[in-house]
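Input: a single structure, listed below in structure tokens.
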Amino acid sequence: MHKSVLNFVRKHVKAQEVNGKQVLEVGALDVNGNVTNWVLEFEPNDYIRTDMRPGPNVDHTIDACELVNTFGNDEFHLVLCLETLEHIQNWTRAVVNMKAVTKPGGCIILTTRSEGFALHDYPEDYWRFSVETMAEIFSDWCIEVVEADPEVAGVFLKARKPLHGWHPKKLWQHWATTMKEEDI
């Protein structure tokens with residue numbers, strides 16, 4: 001995990017967003033570092049780490065597109081998705097699922113790669129995102145921070161789910177024209 005990712009998480013995840021709360025990490029397989037020990041210092045009530053493959057740092061093997069089917073809506077105060085989104089073929093459905101499992105008023109912290117970052121097929125590498133694209137993807141939420149990774153080509157985001165009236169944005173209409181509406 002890039003040092004800049006760790007620094008972003010440390011700067012933008014507050015103790016009160018974790019302590020005694022439900023935390024979900026999507027794409028938690030430890031390939032090159034993780035934030036587990038740091039998150040656990042804040043003593044979450046529950047910290048569930050998922051990935052599409054079993055391995056180090058994974059509690060549950062779950063596809064990111066199946067989070068709602070597995071956990072239900074409005075279950076987590078904080079959802080972390082670090083260096084994972086570019087590896088998810090159906091990223092629109094994964095984002096909709098992450099947004100749906102987040103409680104109203106809860107946050108998503110997301111980091112991903114941008115144009116200019118080399119392919120890193122572990123397991124696959126499908127996408128690159130810009131700051132502008134990420135802002136559009138989360139325009140239905142309250143964006144607290146969306147910025148470029150200061151060290152390598154990437155995007156960092158912290159966004160908060162509205163307390164009332166959130167409905168999933170149809171992301172497929174904007175970016176994934178080959179997907180069907182039922183895919184989101």
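Any read-out appearing in this document is the output of simple, stated calculations on the displayed coordinates, not a laboratory observation. Here the structure is a predicted model, which means the values were calculated and not measured. Reconstructed Cβ throughout: ideal geometry from the backbone, glycine too, with neighbour counts over all protein chains shown.
Quick rundown of the values:
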| quantity | calculated |
| --- | --- |
| Dipole moment magnitude, nearest 20 debye, the range 42-130 about Cα centre, only Lys, Arg, Asp, Glu C-beta charged | 220 |
| Gyration tensor (Cα) of the chain, equivalent ellipsoid semi-axes in angstrom | 21, 20, 17 |
| Residue (of 127, 159, 96) at the positive-pole extreme of the chain, dipole from beta-carbon charges | 159 |
| Ordering of 82-89, 133-140 by burial proxy (mean other Cβ atoms within 10 Å per residue, highest first) | 82-89, 133-140 |
| Peptides ranked, highest mean first, by Cβ atoms within 10 Å: ranges 44-53, 107-116 | 107-116, 44-53 |
| All lysines inside 17 Å of residue 11 as judged from Cα atoms, apart from same-chain residues fewer than 8 positions distant | 3, 158 |
| Karplus-derived HN-Hα couplings along the range 31-38 (A = 6.51, B = -1.76, C = 1.60, θ = phi - 60°), whole Hz, x at Gly and Pro | 9, 8, x, 8, 10, 3, 4, 5 |
| For residue 103, residues with placed amide H under 5 Å, excluding near neighbours | 75, 76, 77 |
| ³J(HN,Hα), Karplus 6.51/-1.76/1.60, whole Hz, each residue of the range 65-72, x for Gly, Pro | 7, 10, 4, 5, 4, 7, 10, x |
| ³J(HN,Hα) computed for each position of the range 81-88 - Karplus, 6.51 cos²θ - 1.76 cosθ + 1.60, integer Hz, glycine/proline x | 9, 10, 6, 10, 4, 5, 9, 9 |
